[in-house]
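Read-outs: derived from the displayed coordinates by stated rules, not from any lab. No experiment lies behind these values; they were computed from the predicted model shown.
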Amino acid sequence: MLLPCALLDALLFLCALRMFMAPLLSVLLPIVLALALLLLSVLLLRVLISPLLLLSVLLSIVLVLSLLLLSVLLSIVLVLSLLLLSVLLLVVLILPLLLLSVLGPIVLVLPLLLLSVLLRLLSMLLGGFGLLVLTLLLLGVVLLFALLLVLCVSRSSDSEKQRQNGCAGDANCVHTCYLCSFQCLPLL
């Protein structure tokens, strides 16, 4: 079969090219495959590692922000509780002092006012003898306290005599006397 010259030239060129290209392709094909695998591994690492790195960064940011928020909230709670405690302590300490400062003069002045009114009434009733009566009343109170003091001292000195007496401090003796008094009663 007869082929046109252009076709024959193309086939011969392809044969020559095949002779030249076969060794070139045998060298370039492993290099191209290795580069493709390397590029694929880099892309795979990029695709797998990048989300993990991003996830670790986001997790650390979330952890740090949550700890920071927790510390801020804890400090706010502590400060507010200390403020509340100081206000309550101030109320507990200052309020009784204010109450005492308001009621103190009333408690101190009211009895003095009543005493002065009573003394004026007494002096008006007794006329000019008010001071004499007041002095006698005061002397009577002093004598009453002195009498009570003397009685207390004399009673404490008689305790030795009471111990020497048989039934003064002995409970068994009292019970025996009590039982004897019931035995001596006549039956009705």
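If you stretched the chain out fully between residue 61 and residue 109, how much longer would it get, using 0.36 nm times the residue separation minus the C-alpha to C-alpha distance?
Extra length available between residue 61 and residue 109 comes to 10.2 nm.
Calculate, in nm to one decimal, what residue 90 and residue 118 gain on full extension: separation in residues at 0.36 nm each, minus their alpha carbon distance.
On the way: separation 28, 0.36 × 28 = 10.08 nm, distance 4.17 nm.
Full extension from residue 90 to residue 118 adds 5.9 nm.
Length gain on complete extension for the stretch residue 144 to residue 15, per 0.36 nm per residue less the alpha carbon to alpha carbon distance? Display every interim value, and only then the final one.
Working: separation 129, 0.36 × 129 = 46.44 nm, distance 15.42 nm.
Length difference between fully extended and current span is 31.0 nm.
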